[in-house]
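Colleague: Have a look at this one.
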Amino acid sequence: MGEGSALVADGTVPGHVPARLVKDFDFRYSEGVARDPWLYYAEARKGELIFWTPRNGGHWVVSGAQIVDEVFRRHELFSNGVVSIPAPPRPQSIPSSLDPPEHGKFRKILSQQIFTPRALAPIESYMDEVFGALQADLVPRGNCEFIADFARPLPVALVLKIMGLSSERQDEFREWARKMFHGTSVEEHLEGYGEARAFLDDWVAERREAIASGREQPGDAGLFIEALTQGRVDDRPLTHDEIHSISTLMLGAGVDTLTSQMGHAMLHFARHPQDRERLVANPELAVHAVEELLRRYAIANITRVVARDQEFHGVEMKKGELVLCAAAMGGLDEAAYPGALTVDFDRLQSVRHTPFGAGPHICPGAYLARTILRALIERLLPALPGLRLQPGSELSYVSGVTISLTRLPLAWDPD
Ligand code: HEM
């Protein structure tokens, strides 16, 4: 009996999947993930570059820098129709669950009007301010729980600013984000998601009405909502539901990703003081360090659906099967990055470096994310001499659409 036939787990192995391609890999709930997700992923990727796991309903997993990049890009073979594994009982998410050419009609509003250097300039200077204020509060304390004290408030402020939502509601948004992404139960997760959606539903209706009635002058309503209310798809305005969907996606895509990535970077520096010291002494390495941390601690677990029956790199796949395209499975490719689990700031990234995906859906927030990670290295690290984990800290990871730390208790030597 092959490795696969011994596996019953919670899903099935379709008849066309050979036993040699079946592996017990649970990217969400295994103990290995809770302990060290990247070690668990790196172990799983030894052997076949494409394999099937019966876990979480059963799905394909692809690995290797080149294949991960290919699955991200080749929308004619791998559709975005389902955005997570297991498939969520949720409405479509715009633009992330659309395929070209439909996807491009919405994406161009984001790329041409919201995520442009001109539109982002005031966002960047606001980020500078918020970063400075959070840092000023944190540094004299000598310790913190980094996720709640820094890594969540910063992206919440960023996303609220981009969307033109009142910063007075930051505390509520932080709490929704905590429940949605780090809730302690499925109920809490759904509650956070429901509260955020309900708030955005009212907000979109109210903003659209204010703009339509002329109560809000052009330029006053905020770039995001104006771009979406004035944007056109197939020569018609966007509907309430479409604007609501894009707004909900912004919160999901912008907050948890950054919270998670900042957490992993700081944990790395707490565990590797020599790396912190090297960057403090050589801040010109910051740009490389950001890319290396994005590679080594890649967080995005993206889903694709097989678009038609096909043979992909010699593997038979059937239309409708789900594929996990985890950025970490590209970043931990030993052939592209020898000693892949080691962080090396002198390492050059492969052309297939995909922490932000590739192809039509490539992350429009990548520039902002990189800017914030650079600030973490250039501004925060020098202010935290002796950075370390608080003694006795137990760390635990959760993995879903992103790989995150639930808590990160840090300490340092304040002046
Ligand atoms: C370290 C931080 C981040 C990581 C690792 C990340 C990763 C990703 C990845 C891998 C995708 C591609 C999904 C796919 O192929 O289906 C994506 C899409 C997206 N990201 Fe990010 N992201 C980050 C930060 C942000 C931020 C800060 C924002 C907004 C402020 C943002 C907004 C979006 C949006 C709107 C999409 C959907 C794009 C589309 O479907 O066309 N992301 N992100």
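The values are calculated or read from the model by the stated rules, or taken from the named source; none is laboratory data. What you are looking at is a predicted structure, and each value in this text was computed from that prediction instead of being measured. Heads up, the Cβs are rebuilt from the backbone with ideal geometry, glycines too, and the neighbour counts pull from every protein chain shown. The accessibility values were calculated without ligands, DNA or RNA, using every heavy atom of the protein model including side chains. Shrake-Rupley method; radii C 1.70, N 1.55, O 1.52, S 1.80 Å.
Colleague: What is the percent carbon and sulfur in the accessible area of the chain, measuring with a 1.4 Å probe over the protein chains and ignoring ligands?
Modeller: About 53 percent, which is the carbon plus sulfur part of the accessible surface.
Colleague: Suppose we keep just the alpha-carbon trace of segment 119-163; what are its Rg and Dmax in angstrom?
Modeller: That works out to 11.3, 36 Å for Rg and Dmax.
Colleague: Sequence neighbours fewer than 8 away in the same chain don't count; with that in mind, list the aspartates and glutamates whose C-alpha is under 19 Å from LYS318.
Modeller: Within the straight-line limit of under 19 Å, LYS318 reaches these aspartates and glutamates: GLU48, GLU70, GLU76, ASP99, ASP309.
Colleague: In whole percent, what relative contact order does segment 19-411 give with Cα contacts below 8 Å and a gap of six or more residues? Intermediate results must be reported in sequence, preceding the final value.
Modeller: Values: 582 pairs, mean separation 106.6, N = 393.
Relative contact order, segment 19-411: 27 percent.
Colleague: With r as the distance between the Cβ atoms of ALA19 and ALA212 and R0 = 60 Å, compute the FRET efficiency 1/(1 + (r/R0)^6) and round to 0.05. Before the final figure, lay out the partial values.
Modeller: On the way: r = 60 Å, r/R0 = 1.00.
The pair ALA212/ALA19 has a calculated efficiency of 0.50.
Colleague: How large is the direction-averaged shadow of the alpha-carbon convex hull of the chain, in nm²?
Modeller: Orientation-averaged projected area of the Cα hull: 20.6 nm².
Colleague: May I pose another question? Based on DSSP H runs of at least 4 residues, each adding -39500 (n - 2.57), what is the mean residue ellipticity at 222 nm of the chain after dividing by all its residues, to the nearest 500 deg cm²/dmol? Before the final figure, lay out the partial values.
Modeller: Details: 14 runs with 178 residues, N = 415.
Theoretical 222 nm ellipticity from helices: -13500 deg cm²/dmol.
Colleague: Direction-averaged shadow area of the convex hull around the Cα atoms of segment 84-215, nm²?
Modeller: Average of the hull's projected areas for segment 84-215 equals 10.8 nm².
Colleague: A follow-up question, please. List the residues whose amide H sits under 5 Å from the amide H of ILE94, counting only those 5 or more places along or on another chain, with H placed 1.01 Å from N in the peptide plane.
Modeller: ILE246
Colleague: How much length is gained if the chain between LYS319 and GLU394 is pulled fully straight, taking 0.36 nm per residue apart and subtracting their Cα-Cα distance, in nm to one decimal?
Modeller: Gain on extension, LYS319 to GLU394, equals 22.8 nm.
Colleague: Show me 252-261, 144-153, 308-317, 98-107 ranked by packing, highest mean number of other Cβ atoms within 10 Å first.
Modeller: Packing proxy ranking, top to bottom: 252-261, 144-153, 98-107, 308-317.
Colleague: Assign unit charges at the C-beta atoms only (+1 for Lys and Arg, -1 for Asp and Glu), then state the dipole size of the chain relative to its Cα centre in Debye, rounded to the nearest 20.
Modeller: Computed charge dipole of the chain: roughly 600 debye.
Colleague: Which whole-number percent is the relative contact order of segment 134-214 (Cα, under 8 Å, 6+ apart)?
Modeller: That works out to 16 percent.
Colleague: Grab every C-alpha pair in segment 141-282, bin the distances at 5 angstrom width from 0 up to the longest one, and report whole percents.
Modeller: Using 5 Å bins, I get a P(r) of 2, 9, 16, 18, 16, 12, 10, 7, 5, 3, 2, 0 for segment 141-282.
Colleague: Using heavy-atom solvent-accessible surface (probe 1.4 Å) with all chains present, what is the largest-first order of ASP413, ASP346?
Modeller: ASP346, ASP413
Colleague: Leaving out ligands and nucleic acids, and using a 1.4 Å probe, what accessible area per residue does segment 1-151 come to in Å²?
Modeller: Ligands and nucleic acids excluded, the result is 45 Å² per residue.
Colleague: Normalising by the residue count of segment 277-415, find the relative contact order in percent from Cα pairs under 8 Å and 6+ residues apart. Please report the intermediate quantities before stating the final value.
Modeller: Numbers: 174 pairs, mean separation 35.7, N = 139.
Rounded, it is 26 percent for segment 277-415.
Colleague: Among ALA253, ILE211, PRO18, which residue has its Cα furthest toward the positive end of the charge dipole of the chain, with +1 on Lys/Arg Cβ and -1 on Asp/Glu Cβ?
Modeller: The residue sitting most towards the positive pole is PRO18.
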